[in-house]
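Here's the structure, in C-alpha cells; my notes come after.
Derivation of every value follows stated rules applied to the coordinates shown; laboratory data play no part. Source: prediction; values computed, not measured. Glycine gets a Cβ as well: all are built from the backbone with ideal geometry, and neighbour counts include every protein chain shown.
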Amino acid sequence: MVTLTIDGQKVEVPKGSTVLEAAHKANIRIPTLCFLKGINEIGACRMCVVEVKGARALQASCVLPVSEGMEVITNSPAVRESRKVTLELLLSDHNLECPTCVRNLNCELQKLAEELGIKSIRYPGEKHAPRYDDFSPSIVRDASKCILCRRCVSACHKVQGVGVISPNHRGFNTIIAPVFDLSLAEVACVNCGQCIMACPVGALKEKDDTDKVWQALADPDKHVIVQTAPAIRVSLGEEFGESRGAIVTKKLPAALRRLGFDRVFDTDFTADLTIMEEGNEFLERLQHGGKLPLITSCSPGWIKFCEHYYPEFLDNLSTCKSPQQMFGAVAKTYYAQKMGIDPSKIFVVSIMPCTAKKFEAQRPEMNSSGYQDVDVALTTRELSRMLKEAGIDVSKLPDEEFDDPLGISTGAGAIFGATGGVMEAALRTVYEVVTGKELQNIEFTSVRGVEGIKEATIDVDGTKVNVAVAHGLSNARKVLDRVKNGEANYHFIEIMCCPGGCVGGGGQPILSSEERWDTDYREVRGNAIYEVDRSMKLRKSHENPAVQTLYKEFLGKPLSEKSHHLLHTHYTK
Ligand code: HC1
Ligand code: SF4
C-alpha cells in the first residue's frame, strides 16, 4: 500500500493506483473529460490536472501513479485556472447549439462549463464548420461537436475489437473518423453504438427515426403496432428519474398506448418463438451431424461482425432471424390474417436498446412477409424523447398489460436481454424436449454474470453439451479464435455484440463517466432482468400458450416449411 496526502487528507491506496483513483477513494472530486474508467485512461484532455509538491508543472492525475509521501493539491488557483483555460479552448471550437443538441442536459462538457463557472470564452478563434456523417442507418457523427477525447476510439478498438474510427490528420485539423475520412456506412462498422455510449458530448448519436413514427401514428389508414425488446423494461425508467435498472414492464403498455399505438406487443413473445426454432435447430444439428458449434444469431451487430471479420463462421450461425425480425414477419402474416387487416396497412415499430437493430430492420433479407418486416426501430432514448414530447411521464403511469396474442411471454423470453440469457432460455427448453422430463433447477447460473466469457458443460440426459457465452465483440474474437485454433470444443455458443448483452446496448440511456465508475450499470440492469424472470408464472419458452397456438393455427411445428420461410434466413459475406 502507498500513503499520500491529497488536499491535506491522508489516503492509503494499493501501489500502482493513480492519483485520480486515490482522490476518488477519498471522495475528493477531480473533474475529468477524456477519462473513462478501464477504457480510456490516456491523460489527453488535461482537465484532471493537479499540483504535486516538488513538481514543476501541473500533472494529469488520471495517468499519474501515486508514490509514498506524495503531496497533492487538487484545487489551487493555478489548477482551477488551467482547467478553465483548457475548457474555454475546447468551447472556442465547439458547435454551441446546446439547447437543440440531443445531449442537452446530459453532456459532460456542458456540466463542466457550469461547474467551473465559465461565463464567457476568452479565446475566440478559428472554428470548424459543422461536418456531418449521416449515411449509416444507425449512427450519426457530427465532428463540429467532437472534443477529440478519444473515448469512442477506445470503445470501438478495445471494447469491441472493431477499430474503424481513429484520429485522422494533425493539429487543428484532427478529426475522429474512419480511414480516409470515409463515412461509417462505407467501412466495416457494425452499428453497435458503443461509441455513442462512450461519447461525453453530442458528437455521436443514433439516427433519429422518431418523425417516421409520429407520421405513422397520425395516419388513420395505418394500423400501427409496437414491440418492446426485453431490455427496455429495465432501462426506460432511468430516463424518467427511476433508479438504475428499475423494472417498468407494466408501465410500457400504458406509455405506448398513450402515444397512440393501436396494439402494444412484446418482443419477449418472439424471443420464446426463437427458442422453439433455435432449440430444435440445435437438436437437429447435434443429432444429425450438422454444423457445430451452433452460434446464436439474434444480435445484429454480432452478425455484421461475423460477416466482415469471421466469415468462416457464417455456416455456424443459427438460421433463425432475431426476435425483432420474427415479430415483424409474424405480425404481417399470422396477426394480419387473424385480425383481418391488410398487411400493407400494418406499420411495425420496435423499441430496442440497440442502434444495430435499425440496420437489421432494413437488411434485404428481412422481408419474408412480402413487406419490410419491421418498419422502424427506435432506441430506448428515442422512445424517451417521444414520450417527453407528448408529456407522458413513465414513472406516473398506472400498470397495464400487453395485448394478446403477441404480447404473451415467459421468463425465458425476458432473460434474452442479459448476457447468457439466450443460452439459458435455450437450455431450459432443449433439456425438457430431449429428456421429456421436467427440469428441476431451471436457473443455469454458470452462464450468468458480467464476466466477458463464460463456459459450462451441461448434462442433457447423458449427452455432455459444452457451451460458451461471450459479450462484447473483443470477447467474441477470443472465443472464435479458440474454436478456430482447435483449442475449444463447444457445441453451442451465445454471442451478444454489446458488453452485458442488450441491457448494455448502444441505444440505452447514456451514463456519464462518473456514473459508470461507481456502478456497473449492465450488472444492475442484468440482475433486474433475472428478477423479471423470477416473477413470471411461466419461465420456459415451450410453455408459452400463445406460441403453442401460433404453431397450431399457423406454423405447424418448429422448423416447418412455413417457419423456414418466415422465421429463418441465411447471412452471406
Ligand atoms: Fe435484444 Fe433480442 S435480446 S437482440 O438484446 O434477441 O436489441 O433487449 O430485442 O431481436 O428478444 C436487443 C434486447 C432484443 C432481438 C430479443
Ligand atoms: Fe465502432 Fe460500433 Fe461505433 Fe461502429 S458503431 S464506430 S463499430 S463502436
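Give me the extension gain from residue 258 to residue 552: residue separation times 0.36 nm, minus the current Cα-Cα distance, reported in nm with one decimal.
Full extension of this stretch gives 102.5 nm more.
What residue among 4, 434, 567 has its Cα farthest toward the positive end of the dipole of the chain, where the charges are +1 on Lys, Arg and -1 on Asp, Glu, each on the Cβ?
Farthest along the dipole direction, towards plus: 4.
In percent, what relative contact order does segment 90-213 have, based on Cα pairs under 8 Å that are 6 or more apart in sequence?
30 percent
Can you give me the distance in nm between label points at residue 537 and residue 435, each placed 7 Å from the Cα along the Cα-to-Cβ direction?
Between residue 537 and residue 435, the label points sit 2.6 nm apart.
Just the projected area, averaged over all directions, of the convex hull on the alpha carbon atoms of segment 2-75: how many nm²?
Taking the Cα atoms of segment 2-75, their convex hull projects to 4.4 nm² on average.
So, how do all the Cα-to-Cα distances of segment 346-403 break down into 10 Å bins, in percent, from 0 on up?
21, 40, 29, 10, 0
Could you pull out the pairs from 332/358; 304/454; 111/145; 396/540; 212/388; 207/321 whose alpha carbons sit more than 26 Å apart here?
Pairs exceeding 26 Å: 396/540.
In degrees from 0 to 90, rounded to the nearest 10, what is the angle of the helix 267-287 Cα long axis to the longest principal axis of the chain?
70 degrees
What do you get when you divide the Cα radius of gyration of the chain by 2.2 N^0.38 Å, with N the number of residues?
1.01
Restrict the search to segment 414-469; then list the trypsin sites (Lys or Arg not before Pro) that DSSP places in a loop and that have at most 14 other Cβ atoms within 10 Å of their Cβ.
437
Once the principal axes of the Cα atoms of segment 220-372 are found, what is the range along each, listed largest first in whole angstroms?
Computed over the Cα atoms, the extents are 50, 42, 28 Å.
How large, in Å, is segment 387-499 by the Kirkwood hydrodynamic radius built from its alpha-carbon pairs?
Every distinct Cα pair counted, the radius reaches 16.4 Å.
Which value, in debye to the nearest 20, gives the size of the charge dipole of segment 91-206 about its Cα centre, when Lys and Arg are +1 and Asp and Glu are -1 at the Cβ?
300 debye
Subtracting the Cα-Cα distance from 0.36 nm times the residue separation, let me have the gained length for residue 511 to residue 63 in nm, one decimal.
Between residue 511 and residue 63, full extension yields an extra 159.0 nm.
Along the Cα→Cβ direction, 7 angstrom out, place labels at residue 341 and residue 25. What is the inter-label distance in nm?
Here the modelled spin labels are 5.9 nm apart.
What FRET efficiency comes out for residue 122 versus residue 385 if R0 is 35 angstrom and r is the Cβ-Cβ distance? Round to the nearest 0.05.
That gives a FRET efficiency of 0.50.
Mind checking segment 1-52 for trypsin sites (Lys or Arg not before Pro) that DSSP puts in a loop (not H, G, I, E or B) and that have at most 15 other Cβ atoms within 10 Å?
Loop-located and lightly packed - 15, 29.
When 34, 195, 107 are ordered from fewest to most other Cβ atoms inside 10 Å of their Cβ, what list results?
Arranged by neighbour count, lowest to highest, 34, 195, 107 become 107, 34, 195.
Set the Förster distance to 30 Å, then compute FRET efficiency between residue 489 and residue 572 from the Cβ-Cβ distance, nearest 0.05.
Between residue 489 and residue 572 the formula returns 0.65.
Compute the helix-to-body angle for 421-435: its Cα long axis versus the longest principal axis of the chain, expressed 0 to 90° and rounded to tens.
It works out to around 30 degrees.
Go from 0 up to the bin containing the longest alpha carbon distance in segment 450-519, width 5 Å each, and give me the % of pairs per bin.
Bin by bin from 0 Å, the calculated values are 4, 15, 20, 20, 15, 11, 7, 6, 2, 1.
Given labels modelled 7 Å from the Cα in the Cβ direction, how far is it in nm from residue 78 to residue 131?
3.6 nm
Give me the dipole magnitude in Debye, nearest 20, for the chain about the Cα centre, with unit charges on the beta carbon: positive for Lys and Arg, negative for Asp and Glu.
1080 debye
Mind checking segment 100-179 for GluC sites (Glu not before Pro) that DSSP puts in a loop (not H, G, I, E or B) and that have at most 15 other Cβ atoms within 10 Å?
Taking segment 100-179 and a limit of 15 other Cβ atoms within 10 Å, the loop GluC sites (Glu not before Pro) found are 126.
Quick check for you: which residues of segment 276-295 have the amide N under 12 Å from the point 7 Å beyond the Cα of residue 315 toward its beta carbon?
Those under the cut-off are 290-293.
Of 32, 492, 466, which is farthest on the positive side of the dipole of the chain, counting Cα position, with +1 on Lys and Arg Cβ, -1 on Asp and Glu Cβ, and the Cα centre as origin?
32
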